[in-house]
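Everything below concerns the one structure shown next.
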Amino acid sequence: MNRIDSLRTTENRLNQRYKALVEQAYNFRHTDPALSDIFEYKSIKLLNKLNRLKYLVRDVPVQI
């Protein structure tokens with residue numbers, strides 16, 4: 001596995017975690033607003049990591 005494949009698998013894994021955190025934040029919105037805010041904060045931090053990772057992978061051509 002080369003470096004680009006490693007970055008893309010990491011990106012996919014982080015993207016799945018981000019979606020799960022956003023869903024949990026939404027689900028707790030009405031029952032426990034404090035917990036919802038915690039999940040939202042974690043998802044924002046994870047989105048920041050995703051954006052930095054996408055910046056690294058942006059100029060790499062897709063190999064078929």
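Bear in mind that the values in this text are calculations on the coordinates, not laboratory data. The model shown is predicted, which means the values in this text are computed figures rather than measured ones. Cβ sites come from the backbone with ideal geometry, for glycine too, and all protein chains shown count toward neighbours.
Which residues, counting only those in the stretch 40-49, are within 11 Å of ARG17 (Cβ to Cβ) and surrounded by 16 or more Cβ atoms within 10 Å (Cβ to Cβ)?
LYS42, SER43, LEU46
Quick one: what pairs do we get from the stretch 31-60, first residue closer than 14 Å to ARG8 by Cβ, second surrounded by 12 or more Cβ atoms within 10 Å (Cβ to Cβ), C-beta under 6 Å, 6+ apart or different chains?
LEU50/LEU14; LEU53/GLU11; VAL57/LEU7; VAL60/ILE4
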